[in-house]
Amino acid sequence: MKVSGQIISKKTLASMLLFFLVSFFFTSHAGSSSIETLKKGHLPAQSVARKALEDSLYYRFDPWFEVFENRIQSLTKAPETVENLLELMTFYFAYAGMLGEVSHTLAFTSRYKLDSVAKPFSYYSQKAKETANILLDKDGLTDSQRAKAYLYLGGAEGYIAIFDYGQGDLLSAIVNGFQADGHLEQALQLNPDQIEAHFGLGMYRYGNSRIGGVSNFLMQGGRDLRLKGLNHIEEAIRLNSSSSPLAYKTLIWFNIAEQINPDNADLEPGDPLSPVRRRERAIELLAQFKARYFSDTARENFIGNKEFYMMSALQATLDGRYEEGKKGFEKVLEICKFLKNEKKMAINPQLTTSVQAGIRFCDLMLLNPSLKDEISIRSACLKIDEQLDFLEGGGAMLEYDARKIRHELQNIFFEALKKTSKRLDC
């Protein structure tokens with residue numbers, strides 16, 4: 001499996017329930033000198049997966065796919081002991097998770113997918129599920145072993161639910177999602193040390209509650225589990241789980257999503273879901289995320305993480321810090337260009353279009369022509385009207401598969417432009 005070079009064929013994969021709601025476990029940087037050692041099986045699967053996930057933040061994928069392929073090949077030829085099956089299950093899941101991070105990097109949506117990533121994502125998710133079920137059918141498992149099998153069974157079912165959702169198979173997506181939630185709960189009940197389950201439970205419980213609809217009604221009885229979901233992900237970070245890189249990204253996005261949630265608009269500032277509290281937490285998390293993973297400015301062949309800059313730019317824009325927002329969006333474009341030209345990655349063109357719209361929005365919000373200068377006023381109003389038309393015509397400043405959240409976000413930008421238009425008496 002290669003993610004750079006000649007792999008790009010445009011067909012459909014399954015859409016993500018949320019475009020960032022994909023990967024699950026793994027953390028720590030491994031240099032190229034250790035890759036050959038890892039191929040030979042000197043580290044347990046979970047330790048390898050931890051190292052691979054952190055490397056995904058720096059867009060270092062290909063060496064890890066080689067490691068996974070070598071270890072899977074070796075384990076499939078080994079005796080079918082419980083320990084070997086646990087390792088094999090973990091590697092299958094890790095492979096699917098890294099493919100999820102590739103799809104994230106390429107900015108997959110329901111309208112932009114690559115078969116070269118989609119098919120193996122589905123395949124390795126199914127293999128992880130199958131292997132977990134084989135383990136659970138065995139007699140004599142310890143509680144720890146059974147808990148681990150439930151953990152990866154729930155994770156794989158979550159991946160399959162995401163895949164089926166995008167394929168339009170809503171019933172299968174709901175069934176797998178419901179099973180995933182239950183199996184992750186069982187993992188924690190059997191062994192509270194299976195802390196990775198907190199991240200999965202947090203994603204499903206927050207995601208279903210936030211998007212709502214049939215899925216939330218069937219999976220959660222229509223209950224609002226947003227705060228419970230957020231707290232699960234906070235726990236994954238607090239306990240320094242292997243999934244911490246993904247937990248940070250997911251929790252920041254969720255905190256941004258709560259700031260624009262109209263259901264929170266009238267909450268008191270002290271309410272845990274109020275926009276004030278969620279903004280404070282988003283800013284704290286962005287600072288922690290940067291300090292923990294992006295403090296090494298001399299990292300080879302890496303100019304920045306586009307999702308970190310996208311989240312930072314969006315938060316700055318929501319705060320009215322338009323100069324910072326513009327710089328953040330410009331950095332996202334720079335990283336996209338680097339990934340496309342240097343790493344030969346097929347980034348979704350819609351991402352570039354959306355980020356450029358973000359830059360234009362910031363430019364417009366920074367306009368401050370003299371009210372006595374009619375020519376400057378007319379020029380500014382023309383630009384504002386063009387952007388309003390862009391948004392009214394379905395243009396997006398952030399490509400997002402969850403229609404509800406995309407609509408809320410667009411409303412924020414639209415209303416800000418209307419206020420500027422009114423201020424200039426356009």
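We did not get these values from a lab; they are worked out from the coordinates using the rules stated. All of these numbers come straight from a predicted model, not from anything done at the bench. Note that we place each Cβ from the backbone using ideal geometry, even for glycine, and neighbour counts take in every protein chain shown.
When peptides 319-329, 223-233, 133-143 are ranked by their average number of other Cβ atoms within 10 Å per residue, the highest-first order is 223-233, 319-329, 133-143.
For the set LYS306/LYS327; LYS51/LYS331; LYS51/LYS344; LYS51/LYS249; LYS306/LYS344, the pairs lying more than 20 angstrom apart at their alpha carbons are LYS51/LYS331; LYS51/LYS344. Scoring 274-284, 95-105 by mean Cβ neighbours within 10 Å over their residues and listing the highest first yields 95-105, 274-284. Give the lysines whose C-alpha is closer than 16 Å to that of LYS418, dropping any in the same chain fewer than 8 places away, or say none. Filter leaves LYS383. Sequence-distant contacts, meaning Cα pairs under 8 Å at least 6 residues apart, place the relative contact order of the range 303-426 at 22 percent.
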